[in-house]
Amino acid sequence: MRFDVLTLFPDLFAPFVEQGVMGRAVQQGKLVVRLTNIRDHARGAHRVTDDRPYGGGSGMVMKAGPIVRALSGVERISDRCRVVLLTPQGRLFNQDLAWELADLDQLILVCGRYEGVDERVLEGSVDQEISIGDYVLSGGEAAALVVMDAVGRLVPGVLGSEDSNRDDSFEDGLLEHPHYTRPRVFEGREVPEVLLSGDHERIRVWRRVQALKRTLDRRPDLLERARLTEEDKKILSDLA
Ligand code: 4HQ
């Protein structure tokens, strides 16, 4: 899978792309990340990328020209390609959308700064707007990193055998059970006995109960769309 990021701050991406799961996947060639500096497509001696809003008001707006020219400069490696603008007005990003995007061959992520981008970029050059949540960022870069991280790890071969998507939070729409590792006692707090029992069936049931409890307690909204088994439904009715 290839990610192309259009940004005024390409240097923000290097440490993220070079380290951890993403770094390994890039080295193995399973992910390709290409950065385009929008300023390289701005015109004039001053390479201006923003201007004052028509109609007045505070703040600046990103000019359409540099972004659209930057997009034209991005090689399309496949028809399975999508141009995404990160904006609070977009579809709320979640694990279902991450799976959908992971099915593409190429994702082109456009990062805005200032008050936003000229609306005509959206009309003519953007396939989808995505928001990572209901808060205001200073730019789309942090949002693009979130999307690349969540999507990249779903690409086959990106996660090693030590990690697995299957067990993760949200893969069945529930929060995860608690995790413990050594030591057995830390600051007087013990690891739940069941986890030391070696009884794999008891451990499986305990973890499922914990996951359901936590979801009910902290994110009951998730239960509406969770993939629940008959056993899960029984556990939930016992909890209620
Ligand atoms: N932005 N999810 C970029 C966001 C945002 C979000 C605000 C996008 C500023 C220029 N992006 N503009 N939330 O807060 O994606």
Exercise. So, in region 43-90, of the ones that are out of contact with any strand residue (DSSP E or B) (no Cβ under 7 Å at 6 or more places or on another chain) and of a type in the set (A, V, I, L, M, F, W, C), which residue ends up least open to solvent (accessible area, probe 1.4 Å)?
Worked result: 64
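Scan region 137-144 and give yes if some residue there is away from the ligand (no atom under 13 Å from the Cβ), under 12 Å from the mean Cα position of the chain (by Cα), closer than 26 Å to residue 11 by Cβ and of a type outside the set (Val, Ile, Thr), otherwise no. Even if it seems obvious, please write down each step before you answer.
Start the filter on region 137-144 by keeping residues that are away from the ligand (no atom under 13 Å from the Cβ), which leaves none.
Looking for residues that are away from the ligand (no atom under 13 Å from the Cβ), under 12 Å from the mean Cα position of the chain (by Cα), closer than 26 Å to residue 11 by Cβ and of a type outside the set (Val, Ile, Thr), one finds none in region 137-144, hence no.
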For this session: Search region 227-240 for residues that are over 12 Å from residue 216 (Cβ atoms) and pair each with any residue that is charged (D, E, K, R) when their beta-carbon atoms are under 7 Å apart and the residues are at least 6 apart or on different chains.
Result: 227/172
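Being at pLDDT 95 or above, acidic (Asp, Glu) and part of a loop (DSSP other than H, G, I, E, B) narrows it down to one residue among 171, 176, 201, 231; which is it? Full working, then the answer.
On the way: 171 fails: at pLDDT 95 or above; 201 fails: part of a loop (DSSP other than H, G, I, E, B); 231 fails: part of a loop (DSSP other than H, G, I, E, B).
One residue alone meets the criteria, 176.
For the structure I just gave you, tell me whether residue 141 is under 30 Å from residue 61 (Cα atoms), surrounded by 15 or more Cβ atoms within 10 Å (Cβ to Cβ) and in contact with a Gly (Cβ under 6 Å, 6 or more places away or on another chain). Before you say what the answer is, go through the steps one by one.
Details: under 30 Å from residue 61 (Cα atoms): yes; surrounded by 15 or more Cβ atoms within 10 Å (Cβ to Cβ): yes; in contact with a Gly (Cβ under 6 Å, 6 or more places away or on another chain): no.
Considered against the rule, which asks whether it is under 30 Å from residue 61 (Cα atoms), surrounded by 15 or more Cβ atoms within 10 Å (Cβ to Cβ) and in contact with a Gly (Cβ under 6 Å, 6 or more places away or on another chain), residue 141 comes out as no.
Taking the condition of being among the aromatic types (Phe, Trp, Tyr) and surrounded by fewer than 19 Cβ atoms within 10 Å (Cβ to Cβ), how many residues in region 91-125 meet it?
In the first step, residues of region 91-125 are kept if they are among the aromatic types (Phe, Trp, Tyr); the result is 93, 99, 114.
Retained after the next criterion (residues that are surrounded by fewer than 19 Cβ atoms within 10 Å (Cβ to Cβ)): 99, 114.
Final tally of qualifying residues: 2.
So how many residues does region 96-109 have that are part of a helix (DSSP H, G or I) and either more than 16 Å from the ligand (Cβ to nearest atom) or touching a Leu at 6+ places or on another chain (Cβ under 9 Å) (or both)?
Filtering region 96-109 down to residues part of a helix (DSSP H, G or I) leaves 96-102.
Of the ones still in play, those that are also either more than 16 Å from the ligand (Cβ to nearest atom) or touching a Leu at 6+ places or on another chain (Cβ under 9 Å) (or both) are 96, 98-102.
So the count comes out to 6.
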Exercise. Within region 22-42, is even one residue touching a Lys or Arg at 6+ places or on another chain (Cβ under 7 Å) and more than 16 Å from residue 152 (Cα to Cα)?
Worked result: yes
Exercise. Any chance region 116-135 includes a residue that's over 20 Å from residue 3 (Cα atoms), touching a residue at least 12 places away in the same chain (Cβ under 8 Å) and within 14 Å of the chain's Cα centre (by Cα)?
Worked result: yes
Exercise. Name the residues in region 110-126 that are within 9 Å of the ligand (Cβ to nearest atom) and part of a loop (DSSP other than H, G, I, E, B), would you?
Worked result: 111, 112, 113, 114, 115, 116
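The values are calculated or read from the model by the stated rules, or taken from the named source; none is laboratory data. The structure displayed is predicted, hence computed values, not measured ones. Positions of Cβ are backbone-derived with ideal geometry, glycine not excepted, and every protein chain shown enters the neighbour counts. Surface accessibility is based on the protein's heavy atoms, side chains included, excluding ligands, DNA and RNA. Shrake-Rupley method; radii C 1.70, N 1.55, O 1.52, S 1.80 Å.
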